[in-house]
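Notes to accompany the following structure.
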Amino acid sequence: MLTRGDDFPLHQTSEPIAFAGTDRNFYDRYFFNGYNPDGDVFFAAAMGFYPQLAIVDAAFSVIVDGVQHNLRASRRSGGERLDLSVGPIALSVDEPLERLTLRIAPNDGPVTGEITFHARHFPIEEPRFIRRNGTRLFMDYTRMTQNGRWSGWLDVGGRRIDIDSAWAGTRDRSWGIRPVGASDPQPPPDGNFSQFFWLWTPCNFGDRSVFFHTNDDAEGAPWNRRAVIAADSGGEQHFERPAFAIEWTRGTRRIARMQVELGGGRILRFTPTATVFAMSGVGYAHPEWAHGRDHGPELRVACDSLAADERGWSNPLAMHIQAVAKAELEDGGVVRQGLGVIEQLFVGPHAPCGLTGLMEPAA
C-alpha cells in the first residue's frame, strides 16, 4: 500500500506510512545512484533518519577519473523529520514518486552540485524483508525501488560535469528495522553478521527497467527474491522464481559475469565494467560513519577519497560494492542492451556458489 506520503521520512514501522509503531532500530532512508552512458562516472547518495536515536545523516560520493570522492555529514535531528538537509547535503521532494532534487553546497571537499531525479515508472514495492538471528529480530523493512533519468550538474575539483537525460540510475526508499547506531551491548549468541548473501541488480534499458534481487541463506535457499520488468509505458511483470548463475573473479568474492533466468524464457546477463563503487562511501559498514552513529551535538562533516586500487577486494571498506555493469535482456528472440549495477555483499558460506568460511574467496 504505497501512497504519496511514502516519499517522506515519516515512517514508524516497516509498514507503509498508513501504519504506525516504534523500535530503537527503526530507520527511514533515501538512496540514489546514477551514471553516465559510458558508466565511468558514477555517483551515489544516501540520507537516513533514525527517530529513536534522534540522528539524521547523509552522504554523497562520486567517481571521476577513477577516484571516489566521499562527503559525509551527521547531526542530531531533534525529532524533526521534514528537514531534509544535513550540512551541505540537502534533498527536496519536488513531486512525490516522480521528481526529487539533491543539492551539494560548497564544503571542505571537492564536490558541489545540483541534480534532479526524474522517475521512469511507478516504484516497485519489493517483498517485505524479515529476518531473525535466532530469537532476535535482525531485519524487518519495506523498500520501494524506482529507475529514472538525471539532469543537472556536478563540480568535482573545478571540473564541471553537465548531466542530461542520457544519465540513468536508480533510487530506493526503505524503512523499518535494521541494525543502526551503536552496536548492541548484548548481541545474539551467534553474532549479528555471520552469514549474509545479497545481490541487487537494477538496470536501465531503452524503454523499460529490470530488477533482480536475492537474499539467500547459507544453503542457498532464498528468503527474499524477486525479479520485475517495469515498462516506461506502465505495467509490471513479476517473476517469483528467478534463478541465477555466477562466474567469479579469481581470488575474490566479486562477480565477473552473471546470468539470471527470470522465467518465461527471459534471460538477463551482466558483465561488470571497471567502475567499482565502495558503499562505505555513503556509510554502509563504515567503521566511523556507519548509519545512525552519534557524532555529538554539533553538525559534523567529513571528506575523503578512495583511489581505484583502494577499492580492491582486499580493502574492508570495499567489501560491499556496487559494480557498474553492461546488461543484456533476451526476451522472445529480441536482445536489448542496457546498463545497471550489481550490488554485492557476500559474508559467510553460500553452498551453490561454493563460498565457504567467513570471507574466503570463491573457488
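Apply 1/(1 + (r/R0)^6) to the Cβ-Cβ distance of E240 and L10, taking R0 = 45 Å, and write down the FRET efficiency to the nearest 0.05.
E(calc), rounded to 0.05, equals 0.90.
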Ranked output for segments 183-189, 269-275 by mean other Cβ atoms within 10 Å, highest leading, reads 269-275, 183-189
Quick shape summary for the chain, equivalent ellipsoid via Cα gyration tensor, semi-axes whole Å in descending order, reads 28, 25, 22
Given backbone amide H placed at 1.01 Å from N, residues whose amide H is under 5 Å from that of F196, ignoring those fewer than 5 places away on the same chain, are V347, G348
Packing-ranked peptide list from 207-215, 301-309, highest mean Cβ count within 10 angstrom first, is 207-215, 301-309
Stretched fully, the stretch from E98 through D217 gains (0.36 nm per residue minus C-alpha distance, one decimal, in nm) 39.3 nm
Magnitude of the Cβ-charge dipole (Lys and Arg +1, Asp and Glu -1) of the chain about the Cα centre, nearest 20 debye, reported as 320
With +1 at each Lys and Arg Cβ and -1 at each Asp and Glu Cβ, the charge dipole magnitude of the stretch 79-235 around its Cα centre, to the nearest 20 debye, comes out at 220
Packing-ranked peptide list from 79-89, 140-150, 352-362, highest mean Cβ count within 10 angstrom first, is 140-150, 79-89, 352-362
Expressed to one decimal in nm², the mean projection of the alpha carbon convex hull of the stretch 171-315 is 12.5
Percent relative contact order for the chain, counting Cα pairs under 8 Å at least six residues apart, stands at 18
Heavy-atom accessible area per residue of the stretch 93-165, all protein chains kept, 1.4 Å probe, expressed in Å², is 44
So the carbon and sulfur contribution to the accessible area of the stretch 91-134, 1.4 Å probe, in percent, is 44
Scalar couplings 3J(HN,Hα) for the stretch 310-325 by Karplus 6.51 cos²θ - 1.76 cosθ + 1.60 (θ = phi - 60°), nearest whole Hz, x for Gly and Pro, are 7, 9, x, 4, 6, 8, x, 5, 10, 6, 9, 9, 10, 9, 4, 9
The answer for the stretch 282-363, accessible area per residue at 1.4 Å probe in Å², is 46
Toy charge model, Lys and Arg Cβ at +1, Asp and Glu Cβ at -1: the stretch 257-363 dipole around Cα centroid in debye, rounded to 20, equals 280
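The values are calculated or read from the model by the stated rules, or taken from the named source; none is laboratory data. What you are looking at is a predicted structure, and each value in this text was computed from that prediction instead of being measured. Ideal geometry is used to build each Cβ from the backbone, glycine not excepted, and the neighbour counts take in all protein chains shown. Note: areas computed on protein heavy atoms with side chains; ligands, DNA, RNA excluded. Shrake-Rupley method; radii C 1.70, N 1.55, O 1.52, S 1.80 Å.
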